[in-house]
1. Among the residues of the range B:73-125, write down those that are under 30 Å from A:E150 (Cβ atoms), more than 9 Å from chain A (Cβ to nearest Cβ) and free of Cβ contacts under 8 Å to residues at least 40 places away in the same chain.
2. Answer with yes or no whether A:E60 is surrounded by 15 or more Cβ atoms within 10 Å (Cβ to Cβ) and away from chain B (no Cβ under 13 Å).
3. Applying the selection to the range B:57-80, what residues are in contact with a helix residue (DSSP H, G or I) (Cβ under 8 Å, 6 or more places away or on another chain) and either aliphatic (A, V, I, L, M) or away from DNA strand D (no atom under 14 Å from the Cβ) (or both)?
4. Test each condition in (1) near DNA strand C (Cβ under 10 Å from one of its atoms); (2) surrounded by fewer than 16 Cβ atoms within 10 Å (Cβ to Cβ) for A:R65 and report the one that comes out false.
5. If you go through the range B:111-156 one residue at a time, how many are of a type in the set (A, V, I, L, M), within 30 Å of A:D107 (Cα to Cα) and at pLDDT 95 or above?
6. Look through the range A:1-39, keep the residues that are away from DNA strand D (no atom under 11 Å from the Cβ) and among the small types (G, A, S), and return whichever of them is farthest from the other protein chains (Cβ to nearest Cβ).
7. Looking at A:A104, A:A89 in this structure, which one is farther than 30 Å from A:F9 by Cα and among the small types (G, A, S)?
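The values are calculated or read from the model by the stated rules, or taken from the named source; none is laboratory data. The structure displayed is predicted, hence computed values, not measured ones. Heads up, the Cβs are rebuilt from the backbone with ideal geometry, glycines too, and the neighbour counts pull from every protein chain shown.
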2 protein chains.
Amino acid sequence: MIKYILLGFIKYGPMTGYEIKQNMEHSTAHFWHAHHSQIYTTLRKMEQEGLVSSQLQQQEGSPDRRVYSLLPAGRQILNEWLEHPQTEATPIKEDFLVRIFFSATRDPQEVIAEVRLHIKLHQEKIIIYQATQNHLENDLRCKKIVPDREIDFWLFTLDMGFRFEKMYIEWLTETLSRLQQM
Amino acid sequence: MIKYILLGFIKYGPMTGYEIKQNMEHSTAHFWHAHHSQIYTTLRKMEQEGLVSSQLQQQEGSPDRRVYSLLPAGRQILNEWLEHPQTEATPIKEDFLVRIFFSATRDPQEVIAEVRLHIKLHQEKIIIYQATQNHLENDLRCKKIVPDREIDFWLFTLDMGFRFEKMYIEWLTETLSRLQQM
DNA sequence: GGTCGCATGTAAGCTGTTACATGATTGA
DNA sequence: TCAATCATGTAACAGCTTACATGCGACC
């Protein structure tokens, strides 16, 4: 999956691993994240596979930049991936639910405190997503850096981010009141 | 994480890897899944670490069963893990959103078809969760196999499963209509 | 003087997936 | 006869995290 994300970004134009990481933090963070170590190693592997090419750019004062460009083979496997629809729902892995699942024998007050903490954590996510939305709608769209249609699709995914956090907070709030009644 | 899930199940009573896998499919599947290969290898590793012990049970006709029991060290690290609250929201990795994010240049009809397919996939999830709910409320709770309080907590996580799928379908439906208007 | 941003990388280890492998019994 | 269920395992790989490592310039 990380491979297609990297190809997807480089398709917008030649890019360094560092820039991809920055872009991900301001666009895909609500549904996908990666450490810089994984991005750099995967880009190198993709270069060996002939999907992308790179060239070093020297800079005064700053460290050198390795700029990656999309090669035909890379464009092709990205397009092939997009053309074949995903036929199964993505399985969920939600650590917090594992904890709740096994929390029947815990101190009820500690469980309640943890649920309260997570309400706060998910409220903070919404604040972050609002900043992302502003950035997409005001900075990127107005400056015409990225085509409008791209931003529309990015906003679709952000919409899901908001809905997810809203749903999560509702569930936490309901669970909190049930725990208090027990 | 898989380690704590295995310990959590074995805490209910001695269990084989096969049984843990079955239990997971009827209880944690909506927020965590694991392949049998990972379960078996992790159980073996945990035995070497002194967290669980196992004994082979011979059976006529059927293959031998390796039954795992919780050791004090295993109970302790499970309790320690539960006592330390999770202080960050679980990051999401949602393949389908990656596809939507990079779908601006795809054939709109193919994107629409894929969104429709996912509405169906998530509706099917709800049907499965309803069967799980019946199993918990009617079979398990009435037969008094598992303490009522445990089932309450399991139902909390299942409630999240329903809410997630409902939210997902609402988002897909909204996205579908926006795509059709474009 | 300290931290932040720029910019890249390696290495070790853990987690997770896919495929291969066996073999008896039960029921359609 | 065919598939499913019971029951366990190994091996190869792919994916991901954490820590280590460098070094300049700008700003407070």
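1. Within the range B:73-125, B:Q109, B:K120 meet the criteria.
2. For A:E60, the condition - surrounded by 15 or more Cβ atoms within 10 Å (Cβ to Cβ) and away from chain B (no Cβ under 13 Å) - is not met.
3. Those that are in contact with a helix residue (DSSP H, G or I) (Cβ under 8 Å, 6 or more places away or on another chain) and either aliphatic (A, V, I, L, M) or away from DNA strand D (no atom under 14 Å from the Cβ) (or both): B:L70, B:G74, B:R75, B:I77, B:L78.
4. Only one criterion in (1) near DNA strand C (Cβ under 10 Å from one of its atoms); (2) surrounded by fewer than 16 Cβ atoms within 10 Å (Cβ to Cβ) is unmet by A:R65, namely (2).
5. Narrowing the range B:111-156 to residues of a type in the set (A, V, I, L, M): B:111-113, B:115, B:117, B:119, B:121, B:126-128, B:131, B:136, B:140, B:145-146, B:151, B:155.
Then keep just the ones that are within 30 Å of A:D107 (Cα to Cα); that gives B:136, B:140, B:145-146, B:151, B:155.
Retained after the next criterion (residues that are at pLDDT 95 or above): B:151, B:155.
So the count comes out to 2.
6. A:G17
7. Of the residues listed, the single one that is farther than 30 Å from A:F9 by Cα and among the small types (G, A, S) is A:A104.
To keep it simple, each residue is scored yes or no on (1) in a strand (DSSP E or B); (2) modelled with pLDDT of 95 or more; (3) aromatic (F, W, Y); (4) within 16 Å of DNA strand D (Cβ to nearest atom).
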site: A:K45; (1), (2), (3), (4): no, yes, no, yes
site: A:Q55; (1), (2), (3), (4): yes, no, no, no
site: A:I92; (1), (2), (3), (4): no, yes, no, yes
site: A:F96; (1), (2), (3), (4): no, yes, yes, yes
site: A:R99; (1), (2), (3), (4): no, yes, no, no
site: A:T105; (1), (2), (3), (4): no, yes, no, no
